[in-house]
Amino acid sequence: MTDTIVLPPAGAKTERDIDPSLDLVAEINRLRRERNAVILAHYYQDGEIQDLADFVGDSLDLSRKAAATDADVIVFCGVRFMGEVAKILSPTKTVLIPDAEAGCSLEESCRPEAFRAFRERHPDHIAVTYINCSAEIKALSDVIVTSSNAEAILRQLPADRPILFAPDRHLGSYLARISGREMTLWPGSCIIHEQFSERELVKLKVRHPNALVAAHPECPEAVLLHADHVGSTRAILDYVLASDRDEFIIATEQHIIHQMTKAAPHKTFLPAPGADGGCSCSNCPFMALNTLEKIYLCLVNDAPAITVPESLRLEALKPLEKMLEMSRSVPMSGNAHAS
């Protein structure tokens, strides 16, 4: 698989070199002004990173921001494939990520050689690929989708064509159910959403009978069957804020609760439990790699940076542009915001 990460050079500043008394937020603010940098953060980032960011959103909102920004530098606080999307859409920008190891289990589950063979076995299918994948997988796809726009895009595809969907089997299965489309699914899954337990969720609902359940479609079907609302991260946020109810169980990565509590501090938000009855399973270990120290260092060192070979970028750009074009009916969230 193509390596799209440029690591800091020898002699670059490290966390050990940071003065413990340094005001990291003030220094990051100074550096982003000096470098005309924009900081984009996914809802799954730690709350202090969300509060620092210029813009917080889900994958669709962040893709739109990356394509439209007039900043010279994009600091993408999320995971590697998100930085790749920013570089593909804005090739003249410097795209930095705080931690080079911030990957994604869905991306790792779908390797280019295997996906190419998968496509070749189904030459009559349209390849609809979830954005949680590498640039190489995007280049092999017909159209990219996010959980926010997938249903809208499926409605626009020829009804007589079967669909290949990768890499998340749970999202693909959910989309097949609600759309009635014939789909052949890649067998990948998100390590976070896979861990939610139906049994423990039912127990939590019994203890909180007035709580509504809002779940991401990356969850297994057994969990989704108990949900009052199924939708993207952004849709879950919009749902709980618009509801007149005061208690919710949230079945997705729990850092989205930071935005919920900021916007509706009078409401109660409970992370959905894992098999042990706890909620630690809903912390993404890849998203957690990003810290304020690493944001500061990437601006100082100009790395880790994303680079995508031009031939690969152009091939991956086609299905991403198709996604953005077919998503025009999907509004930008009012909650994806400048912080």
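When restricted to residues that are part of a loop (DSSP other than H, G, I, E, B) and in contact with a Gly (Cβ under 9 Å, 6 or more places away or on another chain), segment 226-268 contains 1. Note down all Cβ pairs under 9 Å where the first residue falls in segment 309-331 and is more than 19 Å from Thr92 (Cα to Cα), the second is open to solvent by 80 Å² or more (accessible area, probe 1.4 Å), and they're at least six residues apart or on different chains. Sorted first by the residue in segment 309-331, then by its partner, the pairs are Met326/Gln156. Only residues that are assigned to a helix (DSSP H, G or I) and more than 22 Å from Asp58 (Cβ to Cβ) were counted in segment 269-291, giving 1. Please specify each residue of segment 126-146 satisfying the condition of being in contact with a strand residue (DSSP E or B) (Cβ under 8 Å, 6 or more places away or on another chain) and of a type in the set (Gly, Ala, Ser). Scanning segment 126-146 gives Ala127, Ser141.
Scanning segment 208-218 for residues that are open to solvent by 70 Å² or more (accessible area, probe 1.4 Å) and touching a residue at least 12 places away in the same chain (Cβ under 8 Å) returns a single hit, Asn210.
For segment 167-176, the set of residues classified as out of contact with any helix residue (DSSP H, G or I) (no Cβ under 8 Å at 6 or more places or on another chain) and open to solvent by 10 Å² or more (accessible area, probe 1.4 Å) consists of Arg169, Ala176, listed by residue number. Within segment 186-207, the residues that satisfy the criterion of being open to solvent by less than 60 Å² (accessible area, probe 1.4 Å) and either touching an Asp or Glu at 6+ places or on another chain (Cβ under 6 Å) or within 27 Å of Ser134 (Cβ to Cβ) (or both) are Trp186, Gly188, Ser189, Cys190, Ile192, His193, Phe196. So Ala10 ticks every box in (1) in contact (Cβ under 8 Å) with a residue 40 or more places away in the chain; (2) part of a loop (DSSP other than H, G, I, E, B); (3) farther than 22 Å from Gln259 by Cα but one. Which box is left unticked? So the condition that Ala10 fails would be (1). In the condition set (1) in contact with a Lys or Arg (Cβ under 9 Å, 6 or more places away or on another chain); (2) among the aliphatic types (A, V, I, L, M); (3) open to solvent by 50 Å² or more (accessible area, probe 1.4 Å), Met260 is compliant with all but (3).
Yes or no, residue by residue, for (1) touching a Ser or Thr at 6+ places or on another chain (Cβ under 7 Å); (2) over 27 Å from Tyr239 (Cβ atoms); (3) of a type outside the set (Phe, Trp, Tyr):
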site	(1), (2), (3)
His125	yes, yes, yes
Tyr130	no, no, no
Leu140	no, yes, yes
Ile144	yes, no, yes
Glu151	yes, no, yes
Gln156	no, no, yes
Asp160	no, yes, yes
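Scanning segment 252-282 for residues that are among the β-branched types (Val, Ile, Thr) and farther than 16 Å from Ala235 by Cβ, we see that the one that is farthest from the chain's Cα centre (by Cα) is Thr268. Can you tell me which residue is surrounded by the fewest Cβ atoms within 10 Å (Cβ to Cβ) among those in segment 108-166 that are within 15 Å of Ala316 (Cα to Cα) and either acidic (Asp, Glu) or free of Cβ contacts under 8 Å to residues at least 24 places away in the same chain (or both)? The residue in question is Asp142. Applying the condition of being of a type in the set (S, T, N, Q), in contact (Cβ under 8 Å) with a residue 12 or more places away in the chain and open to solvent by 40 Å² or more (accessible area, probe 1.4 Å) to segment 264-290 and asking which residue is farthest from Leu7 (Cα to Cα) yields Thr268. Looking only at segment 70-98, residues that are open to solvent by 20 Å² or more (accessible area, probe 1.4 Å) and either touching a Gly at 6+ places or on another chain (Cβ under 8 Å) or of a type outside the set (Lys, Arg) (or both) come to 7 in all.
The values are calculated or read from the model by the stated rules, or taken from the named source; none is laboratory data. Every value quoted in this text rests on a predicted model; they were computed, and no experiment measured them. Heads up, the Cβs are rebuilt from the backbone with ideal geometry, glycines too, and the neighbour counts pull from every protein chain shown. Surface areas here come from the heavy atoms of the whole protein model, side chains and all, with no ligands, DNA or RNA. Shrake-Rupley method; radii C 1.70, N 1.55, O 1.52, S 1.80 Å.
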